[in-house]
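Novice: Could you have a look at this structure, given as structure tokens, before my questions?
The values are calculated or read from the model by the stated rules, or taken from the named source; none is laboratory data. Everything numeric in this text was worked out from a predicted model, so none of it was measured. Here the Cβ positions follow ideal geometry from the backbone for every residue, glycine too, while neighbour counts run over all protein chains shown. Surface areas here come from the heavy atoms of the whole protein model, side chains and all, with no ligands, DNA or RNA. Shrake-Rupley method; radii C 1.70, N 1.55, O 1.52, S 1.80 Å.
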Amino acid sequence: MMIRKLTASFGKLENETLSFHDGLNVIHAPNESGKSTWCAFIRAMLYGVDSGERVRGGYLPDKQRYAPWSGAPMEGQMDVTADRCDITLTRTTRTKSAPMREFSATYTGSNVKVEGMTGANAGEQLTGVTRDVFRRSAFIEQGAVAVSGSPDLERRINAIVSTGEEQTSYSEADARLRAWQRKRRYNRRGLLPDLESRIDDSRRLLDDMGGSAENISRLEQQLEAARADCARLESEVTETRKRQRRESLETLGQGRAALGEASAEHDAAMERLSVCRSELRQSPFDGEPREVEQRVNADLGRMAELKSLYQKKNSALWVMLLFVLTAVGVTLYTIFDSLAYIIAAGVFLLAAIVFLARYMKAKQDAAKARSERRAILKSYGVSHGSELARAFEDYRQRYAALLAAEEAERQTRERYELARRRQLKLEEDALADLDFVGGSSPAARVGRELNLKRAEAEQLSAQIATLKGRLSAMGDTMVLRSELGLMESERAAIEQEYEDISLAAETLRGADEELQSRFSPELGRVAAAYMSRMTGGRYSQVLINRDFSAMTRTQSDTVAHDSGFLSAGTLDLLYLAVRLAVCQLALPEGEPCPLIIDDALVNLDETRMQQAMELLKEIAKERQVILFTCRKAE
């Protein structure tokens with residue numbers, strides 16, 4: 001098969017084309033120009049895009065990695081020549097979740113479909129190998145020149161160095177034998193552990209059957225004792241509850257009587273207090289006795305002063321005498337016409353007027369004193385000062401009686417409140433004592449003990465029923481022993497199978513080692529020839545293990561060097577030689593498929609680059625070689 005032309009809408013490629021010719025094709029382009037994308041596109045056109053891959057550990061599947069940057073559907077076309085026919089492969093995308101799922105293969109320039117070629121088998125029909133073998137042989141990705149093993153590649157190599165049969169591989173046969181071993185025993189799983197577990201269960205069951213009857217008898221005796229305890233406790237619960245109710249009622253009755261007595265005393269004290277307040281309100285006085293006494297004493301003193309004022313005697317004799325003398329003086333003046341008599345009469349008249357004024361003033365003051373004294377007595381509702389003193393003494397006694405009544409009311413009220421609190425406490429205690437479920441009374445404790453004993457009896461009954469049911473389900477001892485014998489025979493047979501499989505695995509391992517002695521030298525011989533060509537004869541031997549890891553040595557070395565001791569360029573050449581050897585041995589000989597190389601020579605110096613290119617030119621005489629590189633190569 002040879003690739004002629006590519007047209008791609010794939011990743012950064014937007015409907016771009018690339019053409020190839022026979023022999024060696026060198027596509028030189030700088031980094032990030034799409035070289036790896038073209039390589040991935042070739043693989044996708046041959047084998048399709050796996051839509052089931054998922055993102056994992058930093059790995060991005062092709063359906064996401066190469067989705068067109070423009071947002072257009074992923075699609076492409078590839079023109080190839082196979083079996084002397086020009087064929088055009090087309091892959092398009094109908095749904096985004098299944099890119100390039102739609103496939104067609106037609107003869108170029110026509111609409112005639114290639115019979116039997118589908119999107120699933122196109123790559124294998126054209127290259128002659130599966131995707132797995134193609135990626136490990138003729139398709140060399142950037143940074144992945146090393147070869148990794150796979151059952152498909154192993155079968156093809158085995159077919160070449162042995163019988164030509166490609167349907168078997170040591171890895172698959174060994175995996176199948178190990179699966180058979182795991183089926184029989186794998187840690188605690190498999191047929192043998194399961195059978196051994198059932199044998200142990202049967203043996204334990206036989207032991208249980210031997211002791212079940214004894215356990216049932218023992219439990220029945222315990223059940224009988226528990227039921228007797230239940231009967232005794234039921235009687236005790238009835239008696240204690242009756243006694244508790246009676247005691248609680250008696251205590252509540254005593255409390256109610258004491259509360260009633262205290263209430264009656266308080267009611268009497270309240271009545272007495274009301275009477276005292278009513279009597280005190282009838283008194284003309286108001287306030288505390290000390291203040292009232294001070295006020296009364298002040299009023300009594302004032303009344304005494306007023307009494308002395310209006311009881312003071314003011315005689316009018318001097319006024320009359322002076323008026324008489326005035327009249328005599330006037331008479332004598334008229335008789336004797338003497339100035340002295342008239343002056344004396346004027347003096348007497350003036351004196352009489354003065355005394356008359358004083359007399360009138362005294363009479364007015366006495367009247368005011370009497371009026372003020374009467375007002376004071378009237379304010380107290382008495383008519384005499386002695387009555388006022390008696391009224392105050394009566395007020396003081398009523399006030400003292402009121403204080404005594406208030407104190408008695410306070411004391412009786414406190415006694416009533418104390419009795420009421422006591423009654424509430426008694427009622428709470430009675431409720432607690434009558435709580436026969438969660439209370440702390442003797443009746444409640446006995447009730448809980450009864451419940452525990454009933455639960456114990458129920459549990460014993462359930463255990464007896466379970467044991468009897470289990471004993472009944474166990475069946476006949478003879479039958480169980482017979483089944484145990486059969487299982488032990490089966491275990492012996494499976495153990496023999498396990499040993500046979502182990503022997504087969506060892507035999508297969510020995511055969512594989514013999515085949516390996518033929519496998520490694522053949523592949524190593526071809527790889528060594530390529531390695532010698534590309535290193536100017538410096539490295540002349542290549543050793544390859546079954547996992548395709550490789551070692552090499554120079555002519556002067558006594559031991560081969562592991563890949564970890566080689567430079568990057570030498571390591572690339574080593575695995576490129578292994579790849580070329582695998583292509584020569586594993587790929588079909590008829591019409592060779594192209595060799596696709598993506599920047600595998602980037603770590604080489606100029607000399608080895610030239611030697612590698614000479615080898616590729618020679619290989620390109622037999623198969624198409626497509627080399628993508630960022631370095632100029634001739």
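Novice: Which condition from (1) exposed (fewer than 13 other Cβ atoms within 10 Å of the Cβ); (2) modelled with pLDDT of 80 or more is the one that ALA367 breaks?
Specialist: (2)
Novice: Another one. Identify the single condition in (1) over 48 Å from the mean Cα position of the chain (by Cα); (2) within 30 Å of VAL578 (Cβ to Cβ) that ASN111 does not satisfy, given that it satisfies every other one.
Specialist: (2)
Novice: Filter region 34-74 for residues that are in contact (Cβ under 8 Å) with a residue 60 or more places away in the chain and polar (S, T, N, Q); which is least open to solvent (accessible area, probe 1.4 Å)?
Specialist: This residue is SER36.
Novice: So, one more: Quickly run through region 75-86 and pick out the residues that are surrounded by fewer than 11 Cβ atoms within 10 Å (Cβ to Cβ) and outside any loop (DSSP other than H, G, I, E, B).
Specialist: The one that is surrounded by fewer than 11 Cβ atoms within 10 Å (Cβ to Cβ) and outside any loop (DSSP other than H, G, I, E, B): CYS85.
Novice: Okay, next question. Out of region 87-125, which residues are aliphatic (A, V, I, L, M), without any contact (Cβ under 8 Å) to a residue 60 or more places away in the chain and crowded, with 16+ Cβ neighbours inside 10 Å?
Specialist: If we filter region 87-125 for residues that are aliphatic (A, V, I, L, M), which is where we start, we get 87, 89, 98, 100, 105, 112, 114, 117, 120, 122.
From what is left, the residues that are without any contact (Cβ under 8 Å) to a residue 60 or more places away in the chain are 87, 89, 98, 100, 105, 112, 114, 117.
Once the filter is applied, which keeps residues that are aliphatic (A, V, I, L, M), without any contact (Cβ under 8 Å) to a residue 60 or more places away in the chain and crowded, with 16+ Cβ neighbours inside 10 Å, region 87-125 yields ILE87, LEU89, MET100, ALA105, VAL114, MET117.
Novice: Can we say ARG84 is out of contact with any strand residue (DSSP E or B) (no Cβ under 9 Å at 6 or more places or on another chain) and either within 25 Å of LEU595 (Cα to Cα) or at pLDDT below 90 (or both)? Please lay out each step first, then the result.
Specialist: Working: out of contact with any strand residue (DSSP E or B) (no Cβ under 9 Å at 6 or more places or on another chain): yes; either within 25 Å of LEU595 (Cα to Cα) or at pLDDT below 90 (or both): yes.
So ARG84 passes the test.
Novice: Let me ask another. Considering only residues of region 553-602 that are in a strand (DSSP E or B), within 59 Å of the chain's Cα centre (by Cα) and farther than 30 Å from ASN31 by Cα, which is modelled with the lowest pLDDT? Please lay out each step first, then the result.
Specialist: From region 553-602, those in a strand (DSSP E or B) are 553-554, 561-562, 595-598; that's our starting set.
Checking which are within 59 Å of the chain's Cα centre (by Cα) leaves us with 561-562, 595-598.
So of that shortlist, the ones also farther than 30 Å from ASN31 by Cα come out as 561-562.
On the way: HIS561: 65, ASP562: 69.
The selected residue is HIS561.
Condition check ((1) touching a strand residue (DSSP E or B) at 6+ places or on another chain (Cβ under 7 Å); (2) more than 30 Å from ARG410 (Cα to Cα); (3) free of Cβ contacts under 8 Å to residues at least 24 places away in the same chain; (4) not in a helix (DSSP H, G or I)) across all residues:
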{"residue": "GLN221", "(1), (2), (3), (4)": "no, yes, yes, no"}
{"residue": "ARG232", "(1), (2), (3), (4)": "no, yes, yes, no"}
{"residue": "GLU236", "(1), (2), (3), (4)": "no, yes, no, no"}
{"residue": "GLY253", "(1), (2), (3), (4)": "no, no, yes, no"}
{"residue": "LEU259", "(1), (2), (3), (4)": "no, no, no, no"}
{"residue": "GLU279", "(1), (2), (3), (4)": "no, no, no, no"}
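Novice: Taking only region 51-79 into account, find how many residues are polar (S, T, N, Q) and within 14 Å of GLU16 (Cα to Cα).
Specialist: Taking region 51-79 as the starting set, the residues that turn out to be polar (S, T, N, Q) are 51, 64, 70, 77.
Keeping just the survivors that are within 14 Å of GLU16 (Cα to Cα) gives 70, 77.
Count: 2.
Novice: How many residues are in contact with a Ser or Thr (Cβ under 8 Å, 6 or more places away or on another chain), over 17 Å from GLY34 (Cα atoms) and among the hydroxyl-bearing types (Ser, Thr, Tyr) when one looks only at region 57-88?
Specialist: The qualifying residues number 1.
Novice: Regarding region 326-341, can at least one residue be identified that is in contact with a Ser or Thr (Cβ under 9 Å, 6 or more places away or on another chain), modelled with pLDDT of 70 or more, over 30 Å from ARG277 (Cβ atoms) and in a helix (DSSP H, G or I)?
Specialist: Taking region 326-341 as the starting set, the residues that turn out to be in contact with a Ser or Thr (Cβ under 9 Å, 6 or more places away or on another chain) are 332, 341.
Now narrow it down to the ones that are modelled with pLDDT of 70 or more: 332, 341.
If we keep only those that are over 30 Å from ARG277 (Cβ atoms) too, we end up with 332, 341.
Within this subset, residues satisfying the condition of being in a helix (DSSP H, G or I) are 332, 341.
Yes, region 326-341 contains at least one residue that is in contact with a Ser or Thr (Cβ under 9 Å, 6 or more places away or on another chain), modelled with pLDDT of 70 or more, over 30 Å from ARG277 (Cβ atoms) and in a helix (DSSP H, G or I).
Novice: Could you check how many residues of region 16-33 are loosely packed, with under 14 Cβ neighbours inside 10 Å, out of contact with any Cys (no Cβ under 9 Å at 6 or more places or on another chain) and assigned to a strand (DSSP E or B)? I'd like the intermediate steps shown before the answer.
Specialist: Keep residues of region 16-33 that are loosely packed, with under 14 Cβ neighbours inside 10 Å, which gives 17, 19, 21-22, 28-32.
Checking which are out of contact with any Cys (no Cβ under 9 Å at 6 or more places or on another chain) leaves us with 17, 19, 21-22, 32.
Checking the rest, the ones that are also assigned to a strand (DSSP E or B) come to 17, 19.
Residues flagged as loosely packed, with under 14 Cβ neighbours inside 10 Å, out of contact with any Cys (no Cβ under 9 Å at 6 or more places or on another chain) and assigned to a strand (DSSP E or B) within region 16-33 amount to 2.
Novice: Considering only residues that are of a type outside the set (Ser, Thr, Tyr) and in contact with an Asp or Glu (Cβ under 9 Å, 6 or more places away or on another chain), look in region 415-429 and name the one that is least open to solvent (accessible area, probe 1.4 Å). Working first, answer last.
Specialist: Taking region 415-429 as the starting set, the residues that turn out to be of a type outside the set (Ser, Thr, Tyr) are 415, 417-429.
Still in the list and also in contact with an Asp or Glu (Cβ under 9 Å, 6 or more places away or on another chain): 415, 419.
On the way: ARG415: 107, ALA419: 14 Å².
Ranking the qualifying residues of region 415-429, first place goes to ALA419.
Novice: Could you list, ordered by first residue, the pairs with Cβ atoms under 8 Å in which the first is in region 482-499 and more than 18 Å from ARG189 (Cα to Cα) and the second is surrounded by 11 or more Cβ atoms within 10 Å (Cβ to Cβ), at least 6 apart or interchain?
Specialist: GLU483/SER202; LEU484/ILE199; LEU484/SER202; LEU484/ARG203; LEU484/LEU206
Novice: Just to check your reading of the model, which residue among LEU223, LEU252, LEU192 is touching a Lys or Arg at 6+ places or on another chain (Cβ under 9 Å) and open to solvent by less than 70 Å² (accessible area, probe 1.4 Å)?
Specialist: On the way: LEU223 fails: touching a Lys or Arg at 6+ places or on another chain (Cβ under 9 Å); LEU252 fails: touching a Lys or Arg at 6+ places or on another chain (Cβ under 9 Å).
Sole residue among the options that is touching a Lys or Arg at 6+ places or on another chain (Cβ under 9 Å) and open to solvent by less than 70 Å² (accessible area, probe 1.4 Å): LEU192.
Novice: Also, I was wondering about something else. Contact list please: Cβ distance under 6 Å, first residue in region 409-425 and over 18 Å from GLU271 (Cα atoms), second residue surrounded by fewer than 19 Cβ atoms within 10 Å (Cβ to Cβ) and at pLDDT below 90, pairs at least six apart or on different chains.
Specialist: Listed by first residue and then by second, the contacts come to ALA419/ALA258.
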